[in-house]
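Peer 1: Supplied in structure tokens, the structure appears directly below.
The values are calculated or read from the model by the stated rules, or taken from the named source; none is laboratory data. Computed from a predicted structure; not experimentally measured. Here the Cβ positions follow ideal geometry from the backbone for every residue, glycine too, while neighbour counts run over all protein chains shown.
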Amino acid sequence: MATDVAEPVRRSGIFASLSSWNYSLYFWGQMVSLSGTWMQTVAQSFLVLDLTHSGTQLGLATGARFLPIVLFGPWGGVVADRLDRRKLCVVTQIISGLLALAFGLLVGVHAIEMWMVYVLAVCLGFVNAVDNPARQALIAELVPRDLMQNAVALNSIMVNIGRTAGSALGGLIAAAVGLALCFDLNAVSFGAVVLSLVLMKPSQIYAGIREPKEKRQVRAGMSYVRKQPELLVPLIMVAIVGALAWEFPISLPLVAQGAFHGGAGTYGAMTAVMAAGAAMGGLITAAQKQVKRRSLAVAAIIWGLWITAAALAPNLPAEYAALAFVGYGSVSFNAMAKTSLQLSAVPGMRGRVMALWSVAWQGSTPIGGPIVGWAGSEFGARSSLLVGGIPTILAGIFALPLLVRVDHRRAEGAAADTDNTKEASAADPAAPNGKAAAPE
């Protein structure tokens, strides 16, 4: 239920959202957990390569985790709109921790087989089908609306700091100790999220009225998005980019092994460099005020160019340099897309809209993952990056005029609202804030 939050929140600066007690808890808890998640991502990638020596199998195993998001992601968004998102996240995080523990135990006793990898990946995908929209929509309940863009950008920074720490530690632990410990540490890290959620103050949550249980709510969410170009165009872009470009857990291990003859340590370093660039991009994005929607198309074009540069890098230092800008572009694109969707969606549809974002960004991996893995195996490791870079450039080029049109329409609407406010003020100069006084 919505409440009037009395907490003081600093309204300016890169870290403004961290003045919120609830968002600060969310930020630090997620950072710990995501570090563990990326340890597991590193470990799982090399576990599959050790078991199969196949880039295609790596793509399939990664895609298996996201298949349930494709099939049940919209339903997960309905659940996120109906239930208390904070309590829902507590349940999903506990289950995720138990699945990571099962992974660690099986790897530790050398009993893991590929079919087990697929089963555990699919189980985690079912959990994420609900957890992703609930967790993304929860951000909007932790800060005032005017800090939404800042909170989303800081969330992207947190994701990439977690990736930096997790990838680096995961590569070191996998090389020095073994893969099992990466899974075990990830299981423990979920406790930080659960603790942060439990310690939040319910009186300081900006939650609207929950959606009642009704028929055809999934269909209603999809119909709502189809009628809103400011939602539909970004989601189509995210689907293309998510399917082919955001497959770095597949493409980077292939490039590390195939192009530069490295192993887990090289992959960890590549991911850490990319995440460091992303953290810098997040800081710059967090400092920006309102960004026009056409900026999303420009960000896609620039990001695609850097992915292509990384695919063509002649040596490892050049690869690291290009990947730093790839990381910068990734957080710029992703933060702009999520901010646009969060602000454009009405509160009662926010869970379903973010579920569709999850389907487009992560759920497209069952399609794009095998394609990227196959391209890397058949045409050389560098091809796994090229099949993402070029479509990202094209998506930005085609979306640019559509988003320019959306910006123009919204600017005209804002101008009309300003004129109406002036007319109302002239009609009743004594009205507060320049608005006509409401009848008593």
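Peer 1: I'm told Ser340 meets every condition in (1) in contact with a Lys or Arg (Cβ under 7 Å, 6 or more places away or on another chain); (2) part of a loop (DSSP other than H, G, I, E, B) except one. Can you identify the failing condition by its number?
Peer 2: (2)
Peer 1: Can you find a residue that is on the phi < 0 side of the Ramachandran plot, free of Cβ contacts under 8 Å to residues at least 60 places away in the same chain and of a type in the set (Asp, Glu) anywhere in segment 131-140?
Peer 2: Checked segment 131-140: at least one residue is on the phi < 0 side of the Ramachandran plot, free of Cβ contacts under 8 Å to residues at least 60 places away in the same chain and of a type in the set (Asp, Glu).
Peer 1: Out of curiosity, is Val90 surrounded by 21 or more Cβ atoms within 10 Å (Cβ to Cβ), among the aliphatic types (A, V, I, L, M) and assigned to a helix (DSSP H, G or I)? Break it down stepwise before answering.
Peer 2: On the way: surrounded by 21 or more Cβ atoms within 10 Å (Cβ to Cβ): no; among the aliphatic types (A, V, I, L, M): yes; assigned to a helix (DSSP H, G or I): yes.
It is false that Val90 is surrounded by 21 or more Cβ atoms within 10 Å (Cβ to Cβ), among the aliphatic types (A, V, I, L, M) and assigned to a helix (DSSP H, G or I).
Peer 1: Continuing with the same structure: Which of (1) of a type outside the set (Lys, Arg); (2) in contact with a Gly (Cβ under 8 Å, 6 or more places away or on another chain); (3) at pLDDT below 90 is the odd one out, the single condition Val9 does not satisfy?
Peer 2: All conditions are met except number (2).
Peer 1: Okay, next question. Please specify each residue of segment 296-305 satisfying the condition of being farther than 20 Å from Leu232 by Cβ and surrounded by fewer than 24 Cβ atoms within 10 Å (Cβ to Cβ). Explain how you work it out, then say what you get.
Peer 2: Start the filter on segment 296-305 by keeping residues that are farther than 20 Å from Leu232 by Cβ, which leaves 302-305.
Answer for segment 296-305, where residues must be farther than 20 Å from Leu232 by Cβ and surrounded by fewer than 24 Cβ atoms within 10 Å (Cβ to Cβ): Ile302, Leu305.
Peer 1: Inside segment 333-366, can you point out the residues that are over 15 Å from Ile236 (Cα atoms) and either free of Cβ contacts under 8 Å to residues at least 12 places away in the same chain or of a type outside the set (Ser, Thr, Tyr) (or both)? Steps first, answer last, please.
Peer 2: Narrowing segment 333-366 to residues over 15 Å from Ile236 (Cα atoms): 335, 339, 342-352, 366.
Answer for segment 333-366, where residues must be over 15 Å from Ile236 (Cα atoms) and either free of Cβ contacts under 8 Å to residues at least 12 places away in the same chain or of a type outside the set (Ser, Thr, Tyr) (or both): Ala335, Gln342, Leu343, Ala345, Val346, Pro347, Gly348, Met349, Arg350, Gly351, Arg352, Pro366.
Peer 1: Considering only residues of segment 303-333 that are within 19 Å of the chain's Cα centre (by Cα) and among the β-branched types (Val, Ile, Thr), which is farthest from Ile14 (Cα to Cα)?
Peer 2: In the first step, residues of segment 303-333 are kept if they are within 19 Å of the chain's Cα centre (by Cα); the result is 303-304, 307, 323-333.
Then drop every residue that is not among the β-branched types (Val, Ile, Thr), which leaves 307, 326, 331.
Values: Ile307: 27, Val326: 22, Val331: 15 Å.
Result: Ile307.
Peer 1: Then there is this: Can you pull out the residues in segment 103-117 that are crowded, with 17+ Cβ neighbours inside 10 Å and in a helix (DSSP H, G or I)? Give the derivation first.
Peer 2: Initial filter on segment 103-117 (crowded, with 17+ Cβ neighbours inside 10 Å): 103-104, 106-107, 112, 117.
Within segment 103-117, Phe103, Gly104, Leu106, Val107, Val117 meet the criteria.
Peer 1: Just for segment 212-245: of the residues that are surrounded by 18 or more Cβ atoms within 10 Å (Cβ to Cβ) and among the small types (Gly, Ala, Ser), which one is nearest to Arg293 (Cα to Cα)?
Peer 2: Ranking the qualifying residues of segment 212-245, first place goes to Ala239.
Peer 1: Taking the options Ala187, Ala168, Ala175, name whichever one is surrounded by fewer than 20 Cβ atoms within 10 Å (Cβ to Cβ) and in a helix (DSSP H, G or I). Lay out the reasoning, then the answer.
Peer 2: On the way: Ala187 fails: surrounded by fewer than 20 Cβ atoms within 10 Å (Cβ to Cβ); Ala168 fails: surrounded by fewer than 20 Cβ atoms within 10 Å (Cβ to Cβ).
Unique residue meeting the criteria: Ala175.
Peer 1: In addition: Would you mind finding the one in Gly348, Gly388, Gly368, Gly396 that is under 20 Å from Leu312 (Cα atoms), assigned to a helix (DSSP H, G or I) and out of contact with any strand residue (DSSP E or B) (no Cβ under 9 Å at 6 or more places or on another chain)?
Peer 2: Values: Gly348 fails: under 20 Å from Leu312 (Cα atoms); Gly368 fails: under 20 Å from Leu312 (Cα atoms); Gly396 fails: under 20 Å from Leu312 (Cα atoms).
Going through Gly348, Gly388, Gly368, Gly396 in turn, just one is under 20 Å from Leu312 (Cα atoms), assigned to a helix (DSSP H, G or I) and out of contact with any strand residue (DSSP E or B) (no Cβ under 9 Å at 6 or more places or on another chain): Gly388.
Peer 1: Sticking with this structure for a sec: Give just the number: which of (1) hydrophobic (A, V, I, L, M, F, W, C); (2) touching a Ser or Thr at 6+ places or on another chain (Cβ under 8 Å); (3) under 25 Å from Val130 (Cα atoms); (4) at pLDDT 85 or above does Ile205 not satisfy?
Peer 2: Checking Ile205 against (1) hydrophobic (A, V, I, L, M, F, W, C); (2) touching a Ser or Thr at 6+ places or on another chain (Cβ under 8 Å); (3) under 25 Å from Val130 (Cα atoms); (4) at pLDDT 85 or above, the one that fails is (4).
Peer 1: If you take the residues of segment 253-274 that are among the β-branched types (Val, Ile, Thr) and either over 24 Å from the mean Cα position of the chain (by Cα) or surrounded by fewer than 24 Cβ atoms within 10 Å (Cβ to Cβ) (or both), which of them is nearest to Tyr328 (Cα to Cα)?
Peer 2: Let us first name the residues in segment 253-274 that are among the β-branched types (Val, Ile, Thr), namely 255, 266, 271, 273.
Then drop every residue that is not either over 24 Å from the mean Cα position of the chain (by Cα) or surrounded by fewer than 24 Cβ atoms within 10 Å (Cβ to Cβ) (or both), which leaves 266, 273.
On the way: Thr266: 20, Val273: 10 Å.
It comes out as Val273.
Peer 1: Select from segment 218-239 the residues that are among the β-branched types (Val, Ile, Thr) and out of contact with any Pro (no Cβ under 8 Å at 6 or more places or on another chain) and write down the one among them that is modelled with the lowest pLDDT. Quick ask: steps written out before the conclusion?
Peer 2: Taking segment 218-239 as the starting set, the residues that turn out to be among the β-branched types (Val, Ile, Thr) are 218, 225, 233, 236, 238.
Still in the running and out of contact with any Pro (no Cβ under 8 Å at 6 or more places or on another chain): 225, 233, 236, 238.
Details: Val225: 87, Val233: 91, Ile236: 92, Val238: 91.
Within segment 218-239, the match that is modelled with the lowest pLDDT is Val225.
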